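Here is the structure we will look at, set down as structure tokens.
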Amino acid sequence: MPRAVASLAFALLALAAAPAAAEVLPPPIAGALARAGIPQSAVGLFVQDVDATKPALAFNAAQPMNPASAIKLVTTLAALELLGPAFTWRTEAYLGAPLTDGVLDGDLVLKGYGDPRLTIENFWLFVRSLRARGLREIRGDLVLDRSYFEPDDHDPARFDNEPLRPYNVGADALLVNYKAVRFQFVPDAAQKSVQIVAEPRLAELEIANAVRAGDGACGDWRAGLRYEVRPNGAAVRVSFAGSMPASCGERYWNMALLSHPQYVYAAFRQLWEEAGGTLRGGVRDGAPPAGAKPFAVFESPAAAEIVRDMNKFSNNVMARQIFLTLSAETTRLPGRYDRSARVVQSWLQARGLDFPELVIENGSGLSRRDRISPANLGRLLVAAYRSSVMPEFISSMPLVAYDGTLRRRLRFESVAGQAHIKTGSLADVRSIAGYVLDRTGRRVAVVFIVNHANAAAGQAAQDAVLKWVYEAGR
């Protein structure tokens with residue numbers, strides 16, 4: 001009997017056997033783990049047909065584990081059910097004085113409500129709407145109302161000592177463009193030079209460029225680069241030096257260099273001046289005048305679209321924004337992580353889902369403290385399939401081999417295009433969770449978590465899980 005057929009036959013027999021046999025990993029998965037040097041005690045696996053009343057396979061499924069970004073599925077379903085798939089986030093502008101012939105002899109107040117996707121393009125549309133309403137000159141300050149979320153002493157270096165990485169940006173009620181600057185490195189082989197272009201090009205960001213274009217194969221294009229970031233008065237100066245191979249062509253490097261108020265002010269001033277406006281003042285925190293009505297409002301896309309962006313590319317900053325919105329909207333108090341965690345627990349209990357082991361720190365999975373068992377994450381997936389927001393929930397996850405974080409995985413395998421799966425990745429953690437449409441047309445909930453020092457070598461085991469579920473067809 002061919003090996004693949006024998007493995008499939010063994011898997012089908014295991015599923016049909018007594019409950020004790022369900023605690024045995026199928027050979028393809030066990031073999032992949034062994035080759036990766038990952039002991040079976042370090043993994044948890046849960047597999048259940050969404051129409052079944054009990055799992056087909058539960059291996060170490062009750063143990064609490066760190067799920068990394070797979071915890072975003074909890075944040076996603078809570079947001080879709082508690083806020084609604086049509087929920088939108090607002091950003092408002094208020095005038096601090098009467099507008100006379102296009103001149104505001106006072107402050108312009110921007111009030112944020114935690115928009116997770118206020119990109120530079122959307123912020124540009126918002127700024128343009130102010131000009132379209134007749135505002136031309138602002139003689140006061142740009143005042144920022146960020147009170148929708150409670151102030152948080154966020155340390156971007158706390159998680160992995162990489163404070164400039166955009167994924168470490170903290171949440172903010174007036175988050176613009178994820179607070180990121182994209183540096184484009186454009187090598188010129190003939191001149192042995194490298195042009196560096198920043199987008200957005202902020203006046204408060206100074207760039208010193210001493211990068212040269214070198215010879216040789218591309219490889220790790222950043223390996224020969226050095227950078228240094230220093231404050232320079234109200235601005236920030238970033239200096240680049242070293243060399244990169246010209247053969248790499250144009251490359252990009254995203255950084256978060258400015259504080260939230262600095263970034264909003266710098267981006268607003270750049271876009272405002274490009275639109276023909278003038279701004280004489282600085283920036284400070286504050287609130288709109290009592291009883292004032294918005295001069296202009298920008299609304300985000302609907303939550304169903306926002307969570308799709310978040311999950312397809314595992315955007316941690318968006319997840320933080322959505323998670324804090326849960327408590328801001330349901331408690332009518334400023335959004336705070338512990339409040340949102342309690343909101344999620346109450347929501348789960350109201351659905352009859354008791355997850356006593358659940359620890360959800362910030363909703364993104366970028367946490368060493370987060371815990372959930374594979375069985376309970378699987379129970380959530382089964383329950384979500386019966387939810388009115390099921391279509392939005394499933395479509396938010398990457399489609400295996402086609403998009404998001406899984407666009408290059410399993411491209412020529414039978415499971416390609418047949419599974420919506422959220423991935424998770426931290427040092428010592430790898431996870432997948434979602435749904436497989438197996439070869440018989442049944443939808444199967446799958447959760448597979450690895451917590452081990454060799455977790456990074458576990459991709460083959462993840463792929464083996466997805467292929468086994470698809471081919472076994474329960």
### Message
What's the number of the only condition in (1) over 25 Å from residue 311 (Cβ atoms); (2) at pLDDT 95 or above; (3) in the same structural domain as residue 370 (by TED's automatic domain parsing) that residue 94 fails to meet?
### Response
(3)
### Query
Identify, please: which residue in the range 79-97 is surrounded by fewer than 23 Cβ atoms within 10 Å (Cβ to Cβ) and in contact with a Leu (Cβ under 8 Å, 6 or more places away or on another chain) and is, among those, nearest to residue 282 (Cα to Cα)?
96
### Task
Please indicate, with yes or no, whether at least one residue in the range 172-185 is under 28 Å from residue 143 (Cα atoms), in contact with a helix residue (DSSP H, G or I) (Cβ under 8 Å, 6 or more places away or on another chain) and polar (S, T, N, Q).
yes
### Task
Examine the range 121-133 for a residue that is more than 20 Å from the chain's Cα centre (by Cα) and either over 15 Å from residue 296 (Cα atoms) or in a loop (DSSP other than H, G, I, E, B) (or both), and state whether such a residue exists.
yes
### Task
Tally the residues that are out of contact with any helix residue (DSSP H, G or I) (no Cβ under 7 Å at 6 or more places or on another chain) and of a type in the set (A, V, I, L, M), restricting the search to the range 403-428.
3
### Message
Out of the residues in the range 275-286 meeting the condition of being of a type outside the set (Val, Ile, Thr) and surrounded by 14 or more Cβ atoms within 10 Å (Cβ to Cβ), tell me which one is nearest to residue 123 (Cα to Cα).
### Response
275
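Rundown of residues vs (1) over 14 Å from the mean Cα position of the chain (by Cα); (2) outside the structural domain of residue 422 (by TED's automatic domain parsing), yes/no style:
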{"position": "295", "(1), (2)": "yes, yes"}
{"position": "312", "(1), (2)": "no, no"}
{"position": "318", "(1), (2)": "no, no"}
{"position": "321", "(1), (2)": "no, no"}
{"position": "335", "(1), (2)": "yes, no"}
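So, in the range 170-210, of the ones that are among the β-branched types (Val, Ile, Thr) and surrounded by fewer than 21 Cβ atoms within 10 Å (Cβ to Cβ), which residue ends up farthest from residue 115 (Cα to Cα)?
From the range 170-210, those among the β-branched types (Val, Ile, Thr) are 176, 181, 186, 194, 196-197, 207; that's our starting set.
From the residues that got through so far, the ones that are surrounded by fewer than 21 Cβ atoms within 10 Å (Cβ to Cβ) too are 186, 196-197, 207.
Working: 186: 32, 196: 30, 197: 27, 207: 29 Å.
So, considering only residues that are among the β-branched types (Val, Ile, Thr) and surrounded by fewer than 21 Cβ atoms within 10 Å (Cβ to Cβ), the one farthest from residue 115 (Cα to Cα) is 186.
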### Query
Failed condition for residue 112, given (1) more than 20 Å from the chain's Cα centre (by Cα); (2) surrounded by 21 or more Cβ atoms within 10 Å (Cβ to Cβ); (3) not hydroxyl-bearing (Ser, Thr, Tyr), with all others met?
(1)
### Query
Can you tell me which residue in the range 299-322 is nearest to residue 78 (Cα to Cα), limited to those that are in contact with a strand residue (DSSP E or B) (Cβ under 8 Å, 6 or more places away or on another chain) and buried (at least 23 other Cβ atoms within 10 Å of the Cβ)?
311
### Task
Test each condition in (1) in a loop (DSSP other than H, G, I, E, B); (2) within 28 Å of the chain's Cα centre (by Cα) for residue 178 and report the one that comes out false.
(1)
### Query
Out of all the residues in the range 338-381, which are in contact with a strand residue (DSSP E or B) (Cβ under 6 Å, 6 or more places away or on another chain) and under 12 Å from residue 71 (Cα atoms)?
358, 359, 365, 369, 370, 371, 374, 377, 378, 381
### Query
What single numbered condition from (1) of a type in the set (Asp, Glu); (2) more than 18 Å from residue 181 (Cβ to Cβ); (3) not assigned by TED's automatic domain parsing to the domain that holds residue 125 fails to hold for residue 285?
(3)
### Test: residue 211 is over 20 Å from residue 167 (Cα atoms) and either in a loop (DSSP other than H, G, I, E, B) or touching a residue at least 60 places away in the same chain (Cβ under 8 Å) (or both)
no
## Note on the structure
Those residues of the range 333-349 which are in a helix (DSSP H, G or I) and of a type outside the set (Val, Ile, Thr) amount to 337, 338, 339, 340, 341, 342, 345, 346, 347, 348, 349
### Subset of the range 31-72 [in contact (Cβ under 8 Å) with a residue 40 or more places away in the chain and in a helix (DSSP H, G or I)]
31, 32, 33, 35, 36, 42, 68, 69, 70, 71, 72
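The values are calculated or read from the model by the stated rules, or taken from the named source; none is laboratory data. In this text, all values refer to a predicted model and were calculated from it rather than measured experimentally. Positions of Cβ are backbone-derived with ideal geometry, glycine not excepted, and every protein chain shown enters the neighbour counts.
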